[in-house]
1. Take the range A:341-375 and flag every residue that is loosely packed, with under 14 Cβ neighbours inside 10 Å, outside any helix (DSSP H, G or I) and either touching a strand residue (DSSP E or B) at 6+ places or on another chain (Cβ under 7 Å) or without any contact (Cβ under 8 Å) to a residue 40 or more places away in the chain (or both).
2. Just to be sure, is A:Ile57 modelled with pLDDT of 90 or more, among the β-branched types (Val, Ile, Thr) and assigned to a helix (DSSP H, G or I)?
3. Can you go through A:Gln112, A:Gln76 and tell me which one is in the same structural domain as A:Ala52 (by TED's automatic domain parsing) and either at pLDDT 90 or above or not in a loop (DSSP other than H, G, I, E, B) (or both)?
4. So which of A:Val133, A:Val169, A:Val137 ends up being more than 23 Å from A:Arg17 (Cβ to Cβ), surrounded by fewer than 15 Cβ atoms within 10 Å (Cβ to Cβ) and of a type in the set (A, V, I, L, M, F, W, C)?
5. Counting just the residues of the range C:46-69 that are within 14 Å of chain B (Cβ to nearest Cβ) and within 25 Å of B:Lys17 (Cα to Cα), which one comes out surrounded by the fewest Cβ atoms within 10 Å (Cβ to Cβ)?
6. Checking B:Asn97 against (1) at pLDDT 90 or above; (2) more than 22 Å from A:Ser393 (Cβ to Cβ), which single condition isn't satisfied?
7. Could you tell me whether A:Ser249 is polar (S, T, N, Q) and within 29 Å of A:Glu181 (Cβ to Cβ)?
Amino acid sequence: MDTQDDNLISVKVSSDRLEATLTVMPGIDRNYVNSDVVLAKAVAQAIQTGSALTKRISEALIAFGDYDLVERGAFQYVIAKGQASEDGQDSQFTLETELAVIQQLSKKRALQAEKDTKADEDDEHLDHRERSVIMVVKAGQRLGQIKHATDGIDGTDVCGNTISAKPGVQASLQFDSQSIECHDNGAVIAKIAGQLLLEGDSAHINPTLVINEYVDYSTGNIDFPGKVEVFEGIRDCFEVVSGQSITVSGLVEAADLVAARDIELHGGISGRDKGTLHAGRDIHAHYLNAAVCKVGRDLIVEKEICDCTVVVTGSVRSPSSRIMGGHVSVLGTCECWQVGSEAGAHTILSLGRADALDGLVRDTLKLIGKLSAKAAKAKAQMQELNDNPEASSLKAEMMTSLKFEASEAESKKKPLMAALEGTYKLIEEKSEPTLTVQGLLCQGSEIRAGGHKAVFTQSIQGPLTIRLDEIGEMVCVDLKSGSVTPVKNMAKLSPDESSFSRQELPAGLRKAA
Amino acid sequence: MKIMLVDDSKTMRSIQKSVLGQLGYSEIEEACDGQDALSKVGAFQPDLLLVDWNMPNMDGITFVKNYRQSNKTTPIIMVTTESEKSRVIEAIKAGVNNYVVKPFTPDALSQRITETLSKKAA
Amino acid sequence: MDPQYITPFIKSIQNVFATMLRMPVTINAPTIKKDKSATYDVSGIIGMSGDVVGSVVLSFSKDTAQKLVNAFCGMDLPSDSPDFADAVGELVNMISGSAKGMFVDKNVSISCPSVVIGPGHHINTRSDTPCICIPCSTEQGELSIEIAIREAVAAEGTGSSQRAA
């Protein structure tokens, strides 16, 4: 072996052990550089031998053959390559796109609020009320996908040794099993409807939506299947819709609230003639001011109902409350402290009425009227034909046609009469045109009941009850003395054209006297 | 069989005449309005009349009422655009035996004519 | 004009053409007619009175009119013969009469028809009643039916029903 030449040829392994490089320095005797020498050098470095190495060495020697060491300097050629390892991926939970968007928006809003910055220029043109930041999910809704941690793929160095891959970290994602289920395929599904809350590495669904501050631009409009609790108030022009009940601790401004069950306002609503409250069941409030309220069952107000339009299908139970201005329609009983005001605010109270049902009765009566007229006309025409003694096939044809018309109209009337009877029975059952005033019934107040309208010409001190007597006349009962006075003695009476009169009803449906 | 056609439209009279021709009726008298018809019925003595409603000088209903004062039995078919039930009843009350609404197919008209004449025969 | 008055005319013209002329007619999209001049050279006009007032005009070119009249009468009628005008009048009479029978709960009378023959004639309708033009196509040519009618109460303003009350 020629030591000098031997020193001018080497095989070195890279620090990451993924490459072995042949280096030939200038000054070497070119004849010294052969496959045996290179192989020996490789083996000395513990490089894995085999056909691949042999092939690479041959290629190196071919490349060396044309290589001018003097001109170009040292010759280098990679004669062996390893395979890098692939580290495993950490586990990941990816939110569904629509929820991710809301999450992003929520973060953005929070950041803006923190820094007290304005919205982006792009955002300025959008209605922020519509862009809710609350992740509302339905039962059965897909929330996202879990990607489990992977082990990674090991590599091999040039010496044939394994390069171990780093496995991914399996994060301990905690999904509340009561409200969320994780399937084997990684799908994450909501078990209940509610608000999806992601906190750190845990997630759960709260069936109650709790808004710690205001419903405003930071929350957007709310449309939630479960109960909604708002700890502050609700700002102008915002909407809160709940599939159950809504509770608000602070002030409701000119906003719209819709609850399938109850609405509970620890304060009240200041609607400025725009705000609305719609409850499938009860409304409880401290006060109602200039709002439109539709109550499926009872209305309970502590302080006052002022300048509101209210329709109550149950009763008004507000013995300490004043009803001033506006129009309150109640199907059941009405109890309050005061009706009207000393200043003369025009207050209308319609008793034993449910406007929606009234409208239905009126429409049905119209239809029945049209059908009755059609049947009567056909019958009259049949009579005309009958009066004509001449028989002819034309006359017979016409009689048949008219008979059919009359009977068709009568048969169409039947289901309408049944519907009317049902509706009317409902009104009669629930209708209790009784007003109990514990304090004062003010002059100028207008009470409508039993088809009459009474505008009180004097203030009457309570406790008193206004109701209909046996013949349907309005009477005022002094609850202290028990005396009964016809309302006509203390009010100006006139017919209430807004109500359908019992006389309009078909005879069979009028309540027996 | 003598048939009188009372219609202000010559076109309609031609069409009706053509249908009657197909049915084998050739003794046909035409009148252009109720007045004209009244002046001709006495001499012609039709066995059947086909009368339009809306005509100048005297409309079809007025003619029928007048005609029925002296002749209760000769069958009259009203051939008109008036299709409302109240109009048909008015026509029956006036004394019309059958009714054809314009537009009509020749088959419809011939069917009404045959029906009216067979009823009269019965 | 209330759209409920357009459908009866469409049904009526199809019925009359199918029954009396034994040919189909294609109804094209209705438009509002702005100018007073007749669309074609031959116009049959009928007036309406009662609960609905206004006029109906059936308009076609002389050539189309002749072909349609021939199909109607079963014979060739020159356009200058009185029988030609009579046939046109009868067509518009049947279309209008049949349509008014489809107006729901309306008591309407139709006048005897008038026929105008000549290019470039003007037909004036009430200024307060829009005129709807329904263009139609047949195998014998194009025609149009122009409807300018409205309810009598709306037309007169106070209306007899209010006076009766």
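The values are calculated or read from the model by the stated rules, or taken from the named source; none is laboratory data. In this text the structure is predicted, and so the values were computed from the model without any measurement. Note that each Cβ is placed from the backbone with ideal geometry, even for glycine, and that neighbours are counted across all protein chains shown.
1. A:Ala343
2. On the way: modelled with pLDDT of 90 or more: yes; among the β-branched types (Val, Ile, Thr): yes; assigned to a helix (DSSP H, G or I): yes.
For A:Ile57, the condition - modelled with pLDDT of 90 or more, among the β-branched types (Val, Ile, Thr) and assigned to a helix (DSSP H, G or I) - is met.
3. Working: A:Gln112 fails: in the same structural domain as A:Ala52 (by TED's automatic domain parsing).
The match here is A:Gln76.
4. Working: A:Val133 fails: surrounded by fewer than 15 Cβ atoms within 10 Å (Cβ to Cβ); A:Val137 fails: surrounded by fewer than 15 Cβ atoms within 10 Å (Cβ to Cβ).
Matching residue, one of A:Val133, A:Val169, A:Val137: A:Val169.
5. Step one: filter the range C:46-69 for residues within 14 Å of chain B (Cβ to nearest Cβ), giving C:46-52, C:56, C:58, C:65-66, C:68-69.
Still in the list and also within 25 Å of B:Lys17 (Cα to Cα): C:65-66, C:68-69.
Values: C:Ala65: 29, C:Gln66: 20, C:Leu68: 25, C:Val69: 28.
Applying the filter and picking the extreme gives C:Gln66.
6. (2)
7. On the way: polar (S, T, N, Q): yes; within 29 Å of A:Glu181 (Cβ to Cβ): no.
When the stated conditions are applied, A:Ser249 does not pass them.
Residue-wise test of (1) in a helix (DSSP H, G or I); (2) in contact (Cβ under 8 Å) with a residue 24 or more places away in the chain; (3) not assigned by TED's automatic domain parsing to the domain that holds A:Leu441.
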position	(1), (2), (3)
A:Val311	no, yes, no
A:Arg317	no, no, no
A:Ala380	yes, no, yes
A:Glu390	no, no, yes
A:Lys395	yes, no, yes
A:Leu402	yes, yes, yes
